[in-house]
Amino acid sequence: MPKKSKSKFDDFERIPSGIPGLDRLIEGGLIKGSTTLVSGAAGTGKTIFCAQFLMEGLKKGEICMFITLEEKPEDIIGDVKRFGWNLEKYVEDRKLFLDFQDPFQITDITSPLLDKIQQNKIERVAIDSTAVFEMYYKEAAEVRKQLFKLLTGLKGIGVTSILTSELPEETKTLAKFGVEEFVVDGVILLHYLGIGEKNYGSIQIRKMRRTNHEKDVFPMEIGNDGIVVKKIEY
Ligand SMILES: Nc1ncnc2c1ncn2[C@@H]1O[C@H](COP(=O)(O)OP(=O)(O)O)[C@@H](O)[C@H]1O
Ligand SMILES: [Mg+2]
């Protein structure tokens, strides 16, 4: 598979995703300041994707933020330790803001979040996952309104963000609430294949604004170093 050629008009600053094999599918990386939705069923690697994306920034000295709406910080720290990612150290050094937001304790997630990102000059944000919005707001319209506010807010301040959305297996939609996929700049779909002993999955770039991205479904493996996107073998 040839490396995706860049358009000569592409002068966007690209941010390496931290996922080996992914950036060559998207002209070198995520556009700085863009929002990308990572959707997939349970166990497809969404949380690992978030941690890996942030680790890439942390290794480069960027200030990062991990908002978890489902798992407690200590669980996340423990989950990714086996990939050799020591999130705890970055939290202690105040390079990583790892926040668990209890959806039942807060009424507005967006405004405090945007303030914190700006005050601390945060460059990468991961929000895992939007599913919690459903528990949080009773009306579907309210969920969509809040998500819209969050996504447009993130884009407005120009921070590079990843959001995850948990989808039921075999669904045809790209995102849980039917609003995320329109507002975000990119949509990455993860699928679980479950072939053999190895943890095989697949990854597909369904949308990436301002990017001549690959359209195929690529094999993806979760191993000792995290997620790796493989080449298609013909
Ligand atoms: N060390 C590992 N080696 C291989 N696969 C792993 C490892 N750790 C987790 N996994 C796989 O990753 C899955 C969990 O990924 P996760 O990012 O938590 O999924 P999601 O957030 O989409 O539910 C597990 O179900 C398992 O299949
Ligand atoms: Mg998860």
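The values are calculated or read from the model by the stated rules, or taken from the named source; none is laboratory data. Values in this document were obtained by computation on a predicted structure and should not be read as measured data. Virtual Cβ from ideal backbone geometry, glycine too; neighbours counted across all protein chains shown.
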Taking the range 91-113 and keeping residues touching a helix residue (DSSP H, G or I) at 6+ places or on another chain (Cβ under 6 Å) and over 11 Å from Met65 (Cβ atoms) leaves Phe100, Pro103, Thr110
Selection from the range 29-47 of residues closer than 18 Å to Lys81 by Cβ and more than 9 Å from the chain's Cα centre (by Cα) yields Gly45
Here the residues within the range 160-185 that are away from ligand 2 (no atom under 16 Å from the Cβ), part of a loop (DSSP other than H, G, I, E, B) and of a type in the set (Asp, Glu) are Glu170, Asp185
Ala175 fails exactly one of (1) modelled with pLDDT under 95; (2) touching a strand residue (DSSP E or B) at 6+ places or on another chain (Cβ under 8 Å); (3) away from ligand 1 (no atom under 16 Å from the Cβ), namely (3)
When (1) surrounded by fewer than 20 Cβ atoms within 10 Å (Cβ to Cβ); (2) more than 16 Å from ligand 2 (Cβ to nearest atom); (3) of a type in the set (Ser, Thr, Tyr) are applied to Tyr192, the one that fails is (2)
Contact list, first residue from the range 129-141 and free of Cβ contacts under 8 Å to residues at least 60 places away in the same chain and crowded, with 17+ Cβ neighbours inside 10 Å, second anywhere and of a type outside the set (D, E, K, R) and part of a loop (DSSP other than H, G, I, E, B), beta-carbon distance below 6 Å, six or more apart or interchain, is Tyr136/Pro103
Thr164 fails exactly one of (1) hydroxyl-bearing (Ser, Thr, Tyr); (2) surrounded by 17 or more Cβ atoms within 10 Å (Cβ to Cβ); (3) more than 17 Å from the chain's Cα centre (by Cα); (4) closer than 20 Å to Val38 by Cα, namely (3)
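Report, by residue number, each residue of the range 124-140 that is hydroxyl-bearing (Ser, Thr, Tyr) and within 15 Å of ligand 2 (Cβ to nearest atom).
Within the range 124-140, the subset hydroxyl-bearing (Ser, Thr, Tyr) is 129-130, 136-137.
Residues satisfying the conditions are Ser129, Thr130.
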Residues in the range 19-44 that are more than 14 Å from ligand 2 (Cβ to nearest atom), on the phi > 0 side of the Ramachandran plot and touching a residue at least 60 places away in the same chain (Cβ under 8 Å) total 3
The residue from Glu92, Glu74 that alone is away from ligand 2 (no atom under 16 Å from the Cβ), over 16 Å from the mean Cα position of the chain (by Cα), over 25 Å from Thr152 (Cα atoms) and surrounded by fewer than 21 Cβ atoms within 10 Å (Cβ to Cβ) is Glu92
Subset of the range 214-234, residues within 22 Å of Phe182 (Cβ to Cβ) and crowded, with 17+ Cβ neighbours inside 10 Å, comes to Glu214
Restricting the range 11-28 to residues that are small (Gly, Ala, Ser) and closer than 17 Å to Leu163 by Cβ, the one farthest from the chain's Cα centre (by Cα) turns out to be Gly18
